[in-house]
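Chemist: Can you keep this structure in mind? I'll have questions shortly.
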Number of protein chains: 2
Amino acid sequence: MKESHCDVLIIGAGPAGLMAGNALSRAGVNVRIIDKRPNKVMAGQADGISPRTIEMLQSYGMADRLLEEGVQVHMLAFYNPRRDGKGVERTSRITDVNAPTARWQFEIALHQGAIESIFLEAMTKHGLEVERPYFPTALEISQDEAVLKDPNSYPVKVGSNTVLQADRPEDTEIINAKFVIGGDGAHSWVRKQMDIKMEGERTQHVWGVVDLVPETDFPDVRHRTLIHSDAGSCMIIPREGDEVRLYIQLAEGLEQGAEGRLDRSKVGPEKVMAIAKEAVKPWKLEFPNPITWWTVYVIGQMVASRFSAHERVFIAGDACHTHSPKAGQGMNASLNDTHNLSWKIAHVLRGWADLDILRTYEFERKKFAHDLINFDKKLASMFSEKAMSEDNLNGVVPEEFQNLLKSMGGLTSGISIEYAPSLITDNTYQSFAPGLMIGQRVQPQIIIRVADCRAYEMQDLIVSDTKWKLLFFVGDPKQSKRAAVVKRLGEYMQGPASFLSKFSPKSNREAAFTMLIVSSTPKDDADYTDVHPGLLTHWSKAFTDDVSVDRKSGGHAYETYGVLKAAGAFAAVRPDGYVGYVGSLEGVVDGTVDKYFSRFMKEQP
Amino acid sequence: MKESHCDVLIIGAGPAGLMAGNALSRAGVNVRIIDKRPNKVMAGQADGISPRTIEMLQSYGMADRLLEEGVQVHMLAFYNPRRDGKGVERTSRITDVNAPTARWQFEIALHQGAIESIFLEAMTKHGLEVERPYFPTALEISQDEAVLKDPNSYPVKVGSNTVLQADRPEDTEIINAKFVIGGDGAHSWVRKQMDIKMEGERTQHVWGVVDLVPETDFPDVRHRTLIHSDAGSCMIIPREGDEVRLYIQLAEGLEQGAEGRLDRSKVGPEKVMAIAKEAVKPWKLEFPNPITWWTVYVIGQMVASRFSAHERVFIAGDACHTHSPKAGQGMNASLNDTHNLSWKIAHVLRGWADLDILRTYEFERKKFAHDLINFDKKLASMFSEKAMSEDNLNGVVPEEFQNLLKSMGGLTSGISIEYAPSLITDNTYQSFAPGLMIGQRVQPQIIIRVADCRAYEMQDLIVSDTKWKLLFFVGDPKQSKRAAVVKRLGEYMQGPASFLSKFSPKSNREAAFTMLIVSSTPKDDADYTDVHPGLLTHWSKAFTDDVSVDRKSGGHAYETYGVLKAAGAFAAVRPDGYVGYVGSLEGVVDGTVDKYFSRFMKEQP
């Protein structure tokens, strides 16, 4: 029997697992990823990428290909029955994204296989490949408190094999891991091993999905379209090329066995296509081309009772939450789960932070999962019901349905996700920068690099490189008063007592931190040499608040983030791009910021 | 002795040759490219990419890597002697690009090797590799008029060999080509074979160039900086990473032999560095790091008397024009030479157009070369002279030098290049769209794709795919009057008598043309189904004039191009992105446009 060691073992190479694999391998962590499927997903499955997920993928340098290959969904069209009974009519078109600060004001539709291959390509660059087919066969976690509390221990043992039922033990590998991430889907094997229960309920909703290239004169076939028709409800989502995806709620097929499994003989793509064809009348919808992909399934609206066992085995993605496809949230939630988790594991493995920070994973992501499912319940029930009519006065009022979607724009776009105060998120001094909302991601803002007047998106400076971004809003250092403050900050940060020096290894003062300066000097007057070298470690890190040279973007950064130019502000942005701390510049030198980092960071020898 | 045939043989794999190689291989032309250098350029040499060149490369899908790898030069700083004699001071900073309609308001600095490798990578995708080392040894062109007038003949014979002096004829290959492009540099072998003379003069200006990473507190080291100092004139250009390029005009080293060759023993990088160090005082400029690349050279300001022999052998790039490096034009002129030439050769080879269109290459590019050299003379003399001072009242006035650079912004950016009326450029009806300037490139404008409300840059629709772009500005087809016009246009274009049908092979009505519709219906009301299918061959080709969904761009397209919504307009954009024809929509159906294309396009069987 082979026995091996790795720091992190990821089980399952779906979106959650690949996200973790990419983030951890990029960070140089000793990580493996196994999957029982012999091949990657080729078509179909989850396909919606929300605006926040685009921002997040951009922070890994992965948005370009997504934006190039994906379909952009800008508008959402609503269709309801005509009063004369002759089919449906468009009642409104609204923007598909309703989150004013989103950097990308659209969703992307792209099949899961294409998204996974973006990750696989990135991972390969970092030297990580998915091992497949590879089956986990047993999972044991140490019950010894001392072992569990030692960040260098390997408390998890995973038996695994290249064939499902290994007759011969010599084919089995025992992998000893410091951490295990189960991204193995709605029927998660890892979850079962850890005896974690799903809480919530299986619904009675059966959904059918078909991807194909239709022949149609329906004018909104390239927008996301929600149709309430007398024939049933239908959602259209544009896909790559001329393809579209049709979602239909089906009335039949649910044979309520012990497992609530579908009777697939009763529901097939023909049913979906037949209902869709009726639903879009009086427009034509024909299907001369073959189906690319289809499925039917019952929706469960459930959240796992726990997201981890002893913060050594974690579950993520569908393994800890399932919901309907209508809001297009599945893959987004999965990707953001492990985006949240990965930097924390990297911090612990490097000895930068205490094991305690790992508790914030469940704390932060479970609340989000519950919010999502609450919304999903409302949406699913309103979408399933028929529209209000003469015969059905209690039916769905079109405006109410539209308003629900609009009002939940912050949640469905991912933009307003806010992590509550915790060990790593301190909202004591929000008022120094009310526009840098503590617990939320940093909103987009163009600032100008002083040395070369090049315009930069602030979000592009907050890359997912496992480092904290320390933002110093210093005002105008051409003014002598502000210059004195900058000098004092520089001398402090340079000194041996600063948190930068304390929590960084001697060999690299910026190992865990990147300092970025945002001044308010007009770019025509500004010089990068105005910033004290203790604060400015390279010319490329001095920025100022001004419009870009082409005048098309930028300006008002201090207003966006709510910083007073005469006072300045300091912010610590977590490595996942969420604001962890906001406070005064004074707090940098007087120990307040030091106290914040001391809660979870470990002093370096 | 081997003998072979190819449609186009390119001699020289510098910028001009690679541009042609990429454009022609992308177009599916049977093309070869040979170079006598055993390896590609690795560092240094030409490095400036102008705004128009970025636009042009974008039309080939090649700007992304350039924008990612290159340094952006946004500002131009001027330094002049202080009145107190203690070194220089900054007298002004202006925008580096002074061309308001440029899509990218900056220049890119990137070493020639990196730029060449972008081309090499693109060419490889199209199946073309540079054959190197490969020496042309003889070039013969048929004198038989009948042969020269037959587009299918191979009137050019090129002897070539993998070693310079072939002792054994069995190593020689005779390449029979329909066309030859000589992109073989300032000392062009092809030019000499064709007995083409360079006209103009060798100057007395000796320039030294050094690339290195300096240690400095000079605040404008990341901007393009022009320094007139008592120690001499110096230009600083920021380069990749922390590197900078120093250009210095040297007083010595010019031993005026028969060839005007430099005495390299008298001029070296130390001289350049010593002058630069003096020129930036009172700032510090030290050189603790090794030199990456350096050169010294004498400037020639010359243009070839002819750019082709019988429109069968062409010369391009440095082979037909040389000038000073100060305006950063060398590589830009070279790339745009063969961009201009390639589609014309492709048209002739496919039998779409007459051989006559090839004459427009010299007609268009020679005038540009002369304009460039006239500017270069002014610039070089002003930059060489000392600044005005107590002792030198006739010296250069700083404001005049700055104004010269500003006023020539259209030329140096490449944005205002205008090709005069010719066989392929007809300015009879400019007034239907004064903003689509005939002979100039189409200026940037965001328009909205009707079917999915996605914002598109008009320039991105005018891709360099050797097709003509037919722009139909139809107004609002939701209005019955405009709808009737659209229907009439659709029926005409669909019919057998239209120029589309006449100049396209039966198998592909859009082989040489792409029709793009720009309506003026507000996007919330617009449906792509409003456009007659005779005009709209795919949903993706209907656009409208409106702001983008995120309201950050777009709108006023009709104003930008000067089109009246009630009248509409038609434009034919040449495959290189330059406007060839503008006129009324009426002119489409009444034969006026047909007459324009009939001047040079050949009716297809």
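The values are calculated or read from the model by the stated rules, or taken from the named source; none is laboratory data. Every value quoted in this text rests on a predicted model; they were computed, and no experiment measured them. Backbone-built Cβ (ideal geometry, glycine too); neighbour counts: all protein chains shown. When the accessible area is computed, the model is the full protein with side chains, heavy atoms only, and any ligands, DNA or RNA have been set aside. Shrake-Rupley method; radii C 1.70, N 1.55, O 1.52, S 1.80 Å.
Chemist: Hey, can you list the residues from segment B:43-75 whose accessible area shrinks by 40 Å² or more with all protein chains present, relative to the chain by itself (probe 1.4 Å, no ligands or nucleic acids)?
Modeler: Listed in order, they are B:Gln72, B:His74, B:Met75.
Chemist: Among DSSP beta bridges whose residues both lie in segment B:430-598, state the antiparallel percentage, nearest 5.
Modeler: 60 percent
Chemist: Using a 1.4 Å probe over the heavy atoms of the protein chains, calculate the carbon and sulfur portion of the accessible area of segment A:326-387 as a whole percent. Before the final figure, lay out each step's value.
Modeler: Working: 880 of 1710 Å².
Within segment A:326-387, the accessible surface is 52 percent carbon and sulfur.
Chemist: Another question, if that's okay. Which listed residue (A:Gly87, A:Gly48, A:Gly241) has the Cα farthest towards the positive end of the charge dipole for the protein assembly as shown, taking +1 on Lys and Arg C-beta and -1 on Asp and Glu C-beta about the Cα centre?
Modeler: Toward the positive end, the furthest listed residue is A:Gly87.
Chemist: To the nearest 20 Debye, how big is the dipole of segment A:491-605 about its Cα centre, given +1 on the beta carbon of each Lys and Arg and -1 on that of each Asp and Glu? Provide the component values of the computation, followed by the final result.
Modeler: Values: 12 positive and 15 negative charges, 109 e Å.
Dipole of segment A:491-605, to the nearest 20 debye: 520 debye.
Chemist: Work out the FRET efficiency for B:Ala186 and A:Glu215 from their Cβ-Cβ distance, taking R0 = 60 Å, and round it to the nearest 0.05.
Modeler: 0.55
Chemist: If you count the DSSP beta bridges with both ends in chain A, what percent of them are antiparallel, to the nearest 5?
Modeler: Of the beta bridges lying entirely in chain A, close to 70 percent run antiparallel.
Chemist: While we're looking at this one, here's another question. Work out the FRET efficiency for B:Ser431 and B:Arg551 from their Cβ-Cβ distance, taking R0 = 22 Å, and round it to the nearest 0.05.
Modeler: Once the sixth-power term is evaluated, E becomes 0.10.
Chemist: Classify chain A: rounded, prolate or oblate, from the alpha-carbon gyration tensor (a ≥ b ≥ c, eigenvalue square roots; a/c under 1.5 rounded; otherwise prolate if a/b is larger than b/c)?
Modeler: Taking the square roots of the gyration eigenvalues as a ≥ b ≥ c, chain A is oblate.
Chemist: Taking the label point as lying 7 angstrom from Cα along the Cα-to-Cβ axis, what are the distances from A:Asp195 to the corresponding position in the remaining copies, in ascending order and in nanometres?
Modeler: Label-point distances to the other copies, shortest first: 9.9 nm.
Chemist: Are there GluC sites (Glu not before Pro) in segment A:344-397 that DSSP marks as loop and that have at most 10 other Cβ atoms within 10 Å, and which are they?
Modeler: Answer in residue order: A:Glu390.
Chemist: Net charge near B:Leu461: determine it from the other residues with C-beta under 10 Å of the C-beta of B:Leu461, scoring Lys and Arg +1 and Asp and Glu -1.
Modeler: For residues surrounding B:Leu461, the net value is +1.
Chemist: Moving on to the next point. How many nanometers, to one decimal and shortest first, lie between the label point of B:Glu270 and those of its other copies, if labels sit 7 Å from Cα toward Cβ?
Modeler: With the label placed 7 Å along Cα→Cβ, B:Glu270 yields 9.0 nm.
Chemist: Need the per-residue list for segment A:220-234: every residue with at least 20 Å² less accessible surface in the complex of protein chains than in the chain by itself, probe 1.4 Å, sorted by number.
Modeler: A:Arg222, A:His223
Chemist: Could I ask something else about it? Residue-wise, which Karplus ³J(HN,Hα) couplings in Hz belong to segment A:496-506, taking 6.51 cos²θ - 1.76 cosθ + 1.60, θ = phi - 60°, and x for glycine or proline?
Modeler: x, 8, 5, 4, 4, 5, 5, 9, 10, x, 4
Chemist: A further question follows. Return the long-range amide H neighbours of B:Ser229 (sequence gap of 5 or more, or a different chain), with a cut-off of under 5 Å between placed amide H atoms.
Modeler: B:Cys234
Chemist: What is the antiparallel percent of DSSP beta bridges lying wholly in the protein assembly as shown, to the nearest 5?
Modeler: In the protein assembly as shown, DSSP labels about 70 percent of beta bridges as antiparallel.
Chemist: Do me a favour and compute the ellipsoid semi-axes for the protein assembly as shown from its Cα gyration tensor, root of five times each eigenvalue, largest one first, whole Å.
Modeler: They are 53, 43, 30 Å, listed from largest to smallest.
Chemist: Within chain B, what's the longest stretch lacking trypsin sites (Lys or Arg not before Pro) that sit in DSSP loops with no more than 13 other Cβ atoms inside 10 Å?
Modeler: It works out to B:285-505.
Chemist: Ignoring any ligand, DNA or RNA, what whole percent of the accessible area of segment B:430-598 comes from carbon and sulfur when the probe is 1.4 angstrom?
Modeler: 54 percent
Chemist: What does the buried accessible surface come to for A and B, summed over both chains, with the probe at 1.4 Å? Round to 100 Å².
Modeler: The A and B chains share an interface burying roughly 2800 Å².
Chemist: Per-residue ellipticity at 222 nm for chain B, helices alone: DSSP H runs ≥ 4 residues times -39500 (n - 2.57), over residue total, nearest 500 deg cm²/dmol?
Modeler: Theoretical 222 nm ellipticity from helices: -7500 deg cm²/dmol.
Chemist: Using a 1.4 angstrom probe on protein heavy atoms only, which residues from segment B:201-219 are buried by at least 30 Å² of accessible area when all chains are present rather than their own chain alone?
Modeler: Residues shielded by partner chains are B:Pro219.
Chemist: Let me ask you something else. Which semi-axis lengths, in whole Å and largest first, follow from the square roots of five times the eigenvalues of the Cα gyration tensor of segment A:430-598?
Modeler: That gives 22, 18, 15 Å for the three semi-axes.
Chemist: What average number of partner chain Cβ atoms lie no more than 10 Å from the Cβ of the residues making up B:520-533?
Modeler: That average works out to 2.
Chemist: Which pairs in the list A:Lys386/B:Lys523; B:Lys266/B:Lys377; A:Lys36/A:Lys157; B:Lys40/B:Lys125 are over 22 Å apart, alpha-carbon to alpha-carbon?
Modeler: A:Lys386/B:Lys523; B:Lys266/B:Lys377
Chemist: What is the extension gain from A:Lys125 to A:Glu69, computed as 0.36 nm multiplied by their sequence separation minus the C-alpha to C-alpha distance, in nm to one decimal?
Modeler: Full-extension gain reported as 18.2 nm.
Chemist: How far apart, in nanometres, would the label points at B:Ser4 and B:Leu404 be if each is projected 7 angstrom from Cα along the Cα-to-Cβ direction?
Modeler: Using points 7 Å along Cα→Cβ, the separation is 4.8 nm.
Chemist: Still on this structure, please answer the following. Which distances in nm, rounded to one decimal and ordered from shortest, link the label point of B:Lys149 to the equivalent label points in the other identical copies, with labels set 7 Å from Cα toward Cβ?
Modeler: 9.9
Chemist: Would you tally the net charge around B:Gln58, using a Cβ to Cβ cut-off of less than 10 Å, leaving B:Gln58 out, and scoring K and R as +1, D and E as -1?
Modeler: Taking every other residue near B:Gln58 into account, the sum is -3.
Chemist: For the pair A:Ala251 and A:Arg599, how long in nm is the line joining their label points, each one 7 Å along Cα→Cβ?
Modeler: 5.5 nm
Chemist: Next question, about the same structure. For chain A, what is the accessible area per residue in Å², given a 1.4 Å probe and the full set of protein chains?
Modeler: 38 Å²
Chemist: Which chain A residue hugs the A-B rotation axis most tightly by its Cβ, and what is that distance in angstrom, to the nearest whole number?
Modeler: A:Asp64, 4
Chemist: Amide H to amide H under 5 Å from B:Arg82: which residues, 5+ apart in sequence or cross-chain, H placed 1.01 Å off N in plane?
Modeler: B:Gly87, B:Val88, B:Glu89
Chemist: Follow-up question, since we're still on this one. Picking from B:Gly409, A:Cys320, B:Trp294, whose Cα lies most toward the positive end of the charge dipole for the protein assembly as shown (charges on Cβ: Lys, Arg +1; Asp, Glu -1)?
Modeler: Looking along the dipole axis, the top candidate is B:Gly409.
Chemist: Same structure again: How large is the translational diffusion coefficient of segment B:519-559 in µm² per second when you combine the Kirkwood radius over alpha carbon pairs with Stokes-Einstein at 37 °C and 0.692 mPa s?
Modeler: Details: Rh = 11.0 Å.
For these conditions, the coefficient is 298 µm²/s.
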